[in-house]
Structure formats: C-alpha cells, structure tokens
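The structure appears below as structure tokens.
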Amino acid sequence: MFSRIKRLFCFAGLLSLCVVPPALAGECPLLLNHGFTNLQDDKPMPLCQYQGKVILAVNTASYCGFTSQYDGLEKLYARLKDKGLVVLGFPSNDFGEQEPGSSKEIADFCRLTYGVQFPMAAKSVVKGKQANPFYLQLAEITGSTPRWNFHKYLINRDATQVLAFGSMTKPDDKALLARIDEFLK
C-alpha cells in the first residue's frame, strides 16, 4: 500500500527516520487510516481518532524480559497525554510466544499489574508478511521491523515522520524523550 507513495527522506542509524507526504487538509493521514479492536472494551479503535497527536506505537507482550516497560510507558503516557502524546499498545505473540493469552487476560494483566490506561489494540501479528497493515506500513516507511517485543515507533503529529526505536530503548531513554519533546512542540 505505502510503496505507491514516494519516500521523501530516510536516515538509518541507531534509529530510523523517514518522512512521508502529508495528508490533504481534513483527511486522515494514510499512515493512520487503519482500524483495530480496542483490547480494553472490545470496541472499534480507528487510528484516525489520534490524528494530530504524537503517537508512540509499541508491540507488547506480557511474559517478556521487557514487560516491565509497561510501567514506564504508562508513566510517560500519564505525564504527556495532556500535551498530545498517545501511547498505543499492540500485543503480539510473535516473539517467543510471550503473549499467549486472550484479550481479556491481556487487558486484565496490563490493568492489574501495571495500571495501564493507554489505549491498546487486540492482539495481532506485527512482523513478517502476515503483520497487521499498520505495522507493515511502519516497517516499510522506516525500514525497521520489530525484532522483539517492545519495539517502538514514534509518529509526529501530522503523521509525516516516523522514528523507530528498538526494544532496548526504555520509555525513559533520553534520546526517545528528546524526540517526543521535539514532536510535541
């Protein structure tokens, strides 16, 4: 889908940055033109509702060495949501089968163990050809696919820039926080 749109700029290094063309005024950006089911309430979760927000999309898992990042993600969300940041969780069983539970089990674990309030989509695939369309697009834009749980994509307010951060990047990482602050301005 995204391959039809010419990439304007890409930088590869410790993180990946790519710039995509902006949407026409009033239109949902192509990158956000996807819908999911909300993990917490089983209702539709169109990503267009986050238009104008800075988005941190994270593929998550309940039984991973990085699972404690939920705590930092929730703190980050609570601290910056009023400034325009939304953290979006995308549970996936793609890596080491570390997210085997049902939607209810995942939602209960996140809420009861880490107090997660940020929006989460129902479990989906985030790697390979079977990845959900949003993750396929994020990988194509950045050239960076999740190699493990808690891979992060940071999307600017108009969904024209996407940065990729690996699983080792914690929610309180200085480089990540600097880019979030830059995108929030």
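Readers should treat all values here as calculations from the given coordinates under stated rules, not as data from a laboratory. Just so we're clear, the structure is a prediction, and the values are computed from it rather than from any experiment. Methodologically, a virtual Cβ is constructed for each residue, glycine included, from the backbone with ideal geometry; neighbour enumeration extends over all protein chains shown.
Numerical summary
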item: Sequence of MET120, MET45, MET168 once ranked by neighbouring C-beta atoms within 10 Å, starting from the fewest; result: MET168, MET45, MET120
item: Net lengthening on full extension, THR113/SER68 (0.36 nm per residue, minus Cα-Cα); result: 15.2 nm
item: Rounded to the nearest 20 debye, dipole of the stretch 2-184 from Cβ charges on Lys, Arg, Asp, Glu; result: 400
item: Estimated 222 nm signal from helices in the chain, with DSSP H stretches of n ≥ 4 weighted -39500 (n - 2.57), rounded to 500; result: -7500 deg cm²/dmol
item: Fewest-first ranking of TYR77, TYR63, using other Cβ atoms within 10 Å as the exposure measure; result: TYR63, TYR77
item: For ASP94, ASP82, ASP158, ASP41, order by how many other beta-carbon atoms lie within 10 Å, fewest first; result: ASP82, ASP41, ASP158, ASP94
item: Relative contact order, percent, the chain [alpha-carbon distance under 8 Å, six or more residues apart]; result: 29
item: At q = 0.11, 0.16, 0.18, 0.20 Å⁻¹, base-10 log of I(q)/I(0) for the chain (Debye sum, equal scatterers on each alpha carbon); result: -0.42, -0.95, -1.25, -1.60
